[in-house]
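The values are calculated or read from the model by the stated rules, or taken from the named source; none is laboratory data. Quick caveat, the model's predicted, so the values are computed rather than measured. Backbone-built Cβ (ideal geometry, glycine too); neighbour counts: all protein chains shown.
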Amino acid sequence: MGASGNSRLSCTGLCVLLAVAGLCWHWIRFGGDGWFYLATGRWIWENQALPQSNVFAFTTPLQGWSEQKWLACLALYIMDSVAGHQGALAALSLVAACALGLCWASAARRSASPVLSAALVFLGFFVIRWRLTARGETFGMLLLAAVLYAVERHRARGGGLGVLWIAPITGLWANLHGSFYLGALIPAAVLASEALKRVFRIDGGVLDAGGLRTLGLAAFLAVAAMGAHPMGYGVVGQVLWQLGALHREVDIWGPLDLHSTPDLWAGIYMGVVWLGLLGSREKVDWADLVLLLPMGFEAVLSRRFVDPFVLVSLPAAARHWASLLGRLAGVLNGAPLRRGMSAGMAGLGCAMLIIPASEHLPIPRQAEGAVEHLLAQEVRGNLFNYYTWGGYIIWRGYPSLKVFIDGRDELYTNGVFEDYLHVMDARPGWEEILDMYEIEWVLLPNEQGIVTSLREDHRWEVAYEDAGAILMRRKGARG
C-alpha cells in the first residue's frame, strides 16, 4: 500500500477511534465493582502494600487474599484522585476505544476493507457495551487487542522482532486482569497452527522458519512474564481456580440466555462471525479455528468470555465477510462511501461526546442516602448489604463499615454467597442465617422480597427509607 493509501487508512482509523470513543463515553458506567477498585487502590496507596486478608468484609476476615488486579485498582484510584469520577471514566472510555481501534486496524489489514471492518467493530461494540464498566477488564481489552495486533502484524510481514513486545505486555497484563493468560495462548495457538501446516504440507502457511522461531520465543517469554506479579506464578493458579470455581449463581459467569437483550446481541454477533467463516470462499485459517472454536464455546457457557471472543474474532470475520460480499465489498471500499462513512463516524463521535449520558454513576445514587445515614449515625455492628452495593459501601464507609458481601466472588465461595442468596430469596431459615452472622443492620433496595419479610418481623424496624433503598435495624442494635 502506497503513502496515499496509508494516509487514507489513517484518516479512516482516526474517525473510527473518535466514533468508538464517543460511544464508549456515552455507555460506560462505574458499576458496583468500580467502587471496590477505588477502595482497594486507596488502601494500597495509603499502606504501600497489598492486602493479605479480606480487610473489607466481616464474613471472611481471616481468609487469605492478595488482589491479582492490584495495578488496575491503583490506576483507577489515581485517575479518580486527579480527575474525579467522570475523569476516570473518560480515561477508561479512551482505553476501551483504543482496544477497538487496534482491532479495527487488524481487521482492515486482514480484509483490505476498512469500511466493512468498521461496521463489524460497531457491531462488536454493541455486544461489549453492556459490560463496559470501571473494572480491570477494560485494561485487559486494550492489552488483548495489542497482542492480537502484534501477531497479525507479524504474520502480515512474514516475521520480525516486533512480536516480542507480547512478553512485556503480558507481564503488565498479569497485574491488571485475570485474562492475561491469553497473552501467551494467542501466539502459542498461531504457532501451533503454522507448525501443523508445515508438518502436513498444507498450503496457507505465512511464516518461514525464522518467523516461527520468533513467534515461539514470544510465546515462551510471555509465559515467563506471567511471573512478574507480587504473587509470582501463584497468580496463574489463582486465575485457574477462579475459572473453575465461579461458574455458579453469579450472573456474569452463567451461560448465554438469548431472552436477555445483552446475550441476544452476543448471539447475533456470534452468528454473524460463523456465517462469514462458513459462507465465504476463502479457506478458514487454522489459527482462526484454533482460537475461535474454544473461545466461542467458552463464550456460550459463560458470558464473561463474550468480550474476548469479540476482539479475537474481528479480523477473521472481516476477511471472510469481504470474500462473501464479493463485488459489494469493493463498492464499500470506494472513495465516496469511505469519505462519507468517515465524516459520519466523526460526527457520531462528536455527538456522543457532547450529548449527556443518561447516568454514569447509578449505584451510589440509589444507595447514597442510606449510606449517608449510616455514616452520620456512626453505626456499629454487622451489616447485611445488597451484593452490588458492597463496593460502594466499602469506598464510603471503610474502616468504620465492613460489608457482608461484595463483587469479589472468589472470596465468598466458602458458603457466604449461598447464605446471601438464601436470605435474599427469603427461604425458610433466613432468620437463623442473620442470627448466625449477628446481623444488626440490613441495607437493600426497597423492592426486594426479603424486605417484606423483615417488615413483618417484630424484631426489625425501619431506620431509614427513601425511593431507592431501605435501612433496617434489629431492635436494640448499636448506633
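Considering each residue of region 278-289, count those that are surrounded by 21 or more Cβ atoms within 10 Å (Cβ to Cβ) and either of a type outside the set (Asp, Glu) or more than 19 Å from Ser193 (Cβ to Cβ) (or both), and give that number.
Matching residues across region 278-289 total 1.
Looking at region 291-302, I want the residues that are closer than 19 Å to His259 by Cα and have a partner that is at pLDDT 90 or above and of a type in the set (Val, Ile, Thr) with Cβ atoms under 7 Å, at least 6 apart or on another chain. Which pairs are those?
From region 291-302, the pairs are Ala299/Val306.
Taking the condition of being of a type outside the set (D, E, K, R) and modelled with pLDDT of 90 or more, how many residues in region 303-352 meet it?
Final tally of qualifying residues: 15.
Residues that are modelled with pLDDT under 95, in contact with a Gly (Cβ under 9 Å, 6 or more places away or on another chain), surrounded by fewer than 18 Cβ atoms within 10 Å (Cβ to Cβ) and in a helix (DSSP H, G or I): does region 176-183 have at least one?
Checked region 176-183: no residue is modelled with pLDDT under 95, in contact with a Gly (Cβ under 9 Å, 6 or more places away or on another chain), surrounded by fewer than 18 Cβ atoms within 10 Å (Cβ to Cβ) and in a helix (DSSP H, G or I).
Check region 208-222 and report whether any residue there is assigned to a loop (DSSP other than H, G, I, E, B) and in the same structural domain as Ala146 (by TED's automatic domain parsing).
yes
This table checks each residue for (1) crowded, with 22+ Cβ neighbours inside 10 Å; (2) without any contact (Cβ under 8 Å) to a residue 60 or more places away in the chain; (3) within 24 Å of Trp43 (Cα to Cα); (4) touching a helix residue (DSSP H, G or I) at 6+ places or on another chain (Cβ under 6 Å).
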| residue | (1), (2), (3), (4) |
| --- | --- |
| Tyr387 | no, no, yes, no |
| Gly390 | yes, no, yes, no |
| Glu410 | no, no, yes, yes |
| Val416 | no, no, yes, no |
| Asp425 | no, yes, no, no |
| Glu432 | no, yes, no, no |
| Asp435 | no, yes, no, no |
| Leu454 | yes, yes, no, no |
| His458 | no, yes, no, no |
